[in-house]
Amino acid sequence: MPGRRFVIGVPYFWLILFFLLPFLILLYISFVDMGNDIHPFKSLWDAQTGELKLKYANYSSLFRSGEDGELFETMYVEAYLRSLWYALCTAVLCLLMGYPFAYFLARSAPSVRPALLMMVMLPFWTSFLLRVYAWKGILADQGVLNQGLMFLGLSAEPIQLLYTDVSMLVGMSYVYLPFMVLPLYANLVKLDVRLLEAARDLGASPWTVFWLITVPLSRAGIIAGFMLVFIPCVGEFVIPSLLGGPENLMIGRVVWDEMFISNNWPRATALAVLMIAVIVIPLAIYYYYFNGAAAEPENES
Amino acid sequence: MADKDATAGYLVTEKLIKNFDGALAVDEVSLSVGQGEIFALLGSSGCGKSTLLRMLAGFDVPSAGQILLGGQDMVRIPPHQRPINMMFQSYALFPHLDIWENIAFGLKREGLPKAEIQQRVGEMLDLVQLNDYAKRKPHQLSGGQQQRVALARSLAKRPKLLLLDEPLGALDKKLREQTQFELVNIIKQVGVTCVVVTHDQEEAMNMASRIAVMNRGRVLQVGTPEVLYEHPASRFVADFIGSVTLFEGWLSVDERDSCAAMTGIGEIKVGYGVSGGMLSMPVAIAVRPEKIGISKTRPAVSKNVFFGKVQEISYFGAYNSYIVTASDGSQVKITEANASRQDLGGFKREDRVFFWWDDHAGVVLRD
């Protein structure tokens, strides 16, 4: 049916227009040899011979600095690993904070749920930048938190919180928490309460019910929330620049610097392409191996 | 009454009340179930039968009253510590665990040694004949098989009391009859005391030795299927169990071994006395459709012969069903067994017919 094909076609068209096409442009630039030119959009084909010339050095230089450098001992590899590590920490923190919250939300009376959900979304109504700046005000040496601690006599002098790992992780988990809560909520609200009662009936304590029934059955929500937090966090630029320390160079910042300070677009795009590969390849493997499990009904009603 | 016999009293509820925000879901229910008995709670949805069951399981806390099982008070014991297991409506099998794990779930919580769990799950799989399916997931099984897994899971811990919540509700009609017998056989084989909740009177009558009919949180009558059908205590029970025609009227004759009521179609004679009856008190005479005869010619009986007009005829294969409009306009349900292969008993719509019944067929109802 043409109508049906059209309906399915629309999202594909969108994906191609807004995802695949920009990615192909990135991929193209990442192989360009810019030379001393200021303009990155150069042909990949030699003007005289018509030969395809790809500058692989844009990639290889990410892993080895200079001719004699040790493999993988570059600031880029370091920034990648650091980004993945902080994204992982953020996702774990969001899961630890978000799961009880989503569980509480899903178990609350249906009449109060819209109001509670609204409160999850409410921060989105104010500027993201303002909210991150607000954390600066809270975490600064003369900020609300330190003032409070000193007033209570819990510390004699201000504790350095801002521009550390702590402030960066606080900021990132704060901003990304709703992306964990919402998919978890959507999953937990569908959880059949009778399954929990059946487990109780068979002698499981409330805690055992949670670990043996609730958590395994919300696996899809946990994975979705984890991905939604982890993936954007890897490339996060604004929060680390505003709240993180100077030594916490993350890959988003490196891409920015290559693009706008070094004006080395091919290297910046190569970094970006690699980042996508780092995220997409494990994801693709995951989906390939767990497709059978994912196709199973999570909740039978 | 049957509920005062010698075996009764294993499961006892005393004036059990459940109050949901001012609405009485269960209203002073006192029941007594004997050890090894299959007892049914029958009623339409919202009658409180499910709330009663949930209180027995421990998921709802009674507002007042007592639950005693083998003399032990259950009210304060949380559900996971009660020696009671439930087979849930549409089974509530754990979708992420295979059949073996589903059945072993309760045994593992008891902390039994591995070998014993292995052995008892094996026994349960034998009992419900699902040995070949141990490694399947619930959604890979048919509805009937899932039902047997649910039964095995609820029996695995050898509960003192088994609760069945609409055990056959999720099955289609054909499968239901066959499954019913299997279910009863297995329960009797195990010998566990059992309370079944159902809205299906046939299911209750087939499975249970006694039935409590519930309406609006109250138990209206407890009795064997025969007692409920032949001697209903109230209009509600007479109407709820099986099909019936109620003739409303007042008591016109009240003697020791017979009575009569004056109704819209005339005086109806009943072959037994009403204890504590008073002349001219309002009563209803209930008559089951299969106990009423129908013919075009006047029958050779003298009592309870009335006249009417055939309004509806339905052919059900095993029997024919008629609705006859009586002289006062009331509609009388009559069924006639289809003993010989005949065409609808030779009746047509609008035929003028006689209908009659024996004076022992009618039941006098006061409530």
Which distance in Å, rounded to a whole number, links the C-alpha centroids of segment A:214-234 and segment A:4-69?
-> 31
Sparse-neighbour loop sites [GluC sites (Glu not before Pro); segment A:147-248; at most 13 other C-beta within 10 Å; DSSP] | A:Glu247
So what is the orientation-averaged projected area of the protein assembly as shown, using the convex hull of its C-alpha atoms, in nm²?
-> 49.7
Rounded Å value of the spacing that divides the Cα centres of segment A:89-142 and segment B:234-253 = 63
Report relative contact order for segment B:132-222 in percent, whole number only (criteria: Cα-Cα under 8 Å, sequence separation at least 6).
-> 24
Add -39500 (n - 2.57) for each DSSP H run of 4 or more in chain A, then divide by its residues: what number comes out at 222 nm, to the nearest 500 deg cm²/dmol?
-> -20000 deg cm²/dmol
Across B:88-99, the residue-averaged tally of Cβ atoms belonging to other chains within 10 Å stands at 5
Report the longest stretch of chain B that contains none of the GluC sites (Glu not before Pro) sitting in a DSSP loop with at most 15 other Cβ atoms within 10 Å.
-> B:111-254
Of A:Trp135, A:Trp14, A:Trp85, which has the largest mean-square fluctuation in a 10 Å C-alpha GNM of chain A?
-> A:Trp14
Taking springs between alpha-carbon atoms closer than 10 angstrom, which of A:Tyr174, A:Tyr80, A:Tyr12 fluctuates most in the Gaussian network model of chain A?
-> A:Tyr12
Mind checking which of A:Leu129, A:Leu15, A:Leu196 has the largest fluctuation in a GNM of chain A, springs on alpha carbons under 10 Å?
-> A:Leu15
Determine Rg/Rh for chain B; Rg is computed over alpha-carbon atoms and Rh is the Kirkwood hydrodynamic estimate from the same atoms.
-> 1.06
From the square roots a ≥ b ≥ c of the eigenvalues of the alpha-carbon gyration tensor of chain A, which class results: rounded (a/c under 1.5), prolate (a/b over b/c), or oblate?
-> oblate
Cα centroid separation, segment B:16-94 to segment B:303-363 (Å) | 43
So for R0 = 22 Å, FRET eff. of B:Asp328-B:Arg256 from the Cβ-Cβ r, to 0.05, ends up at 0.15
Hey, what did segment A:156-301 get for relative contact order, percent, Cα under 8 Å, at least 6 apart?
-> 30
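Readers should treat all values here as calculations from the given coordinates under stated rules, not as data from a laboratory. Since the model is a prediction, treat every value here as computed from it, not as a measurement. Backbone-built Cβ (ideal geometry, glycine too); neighbour counts: all protein chains shown.
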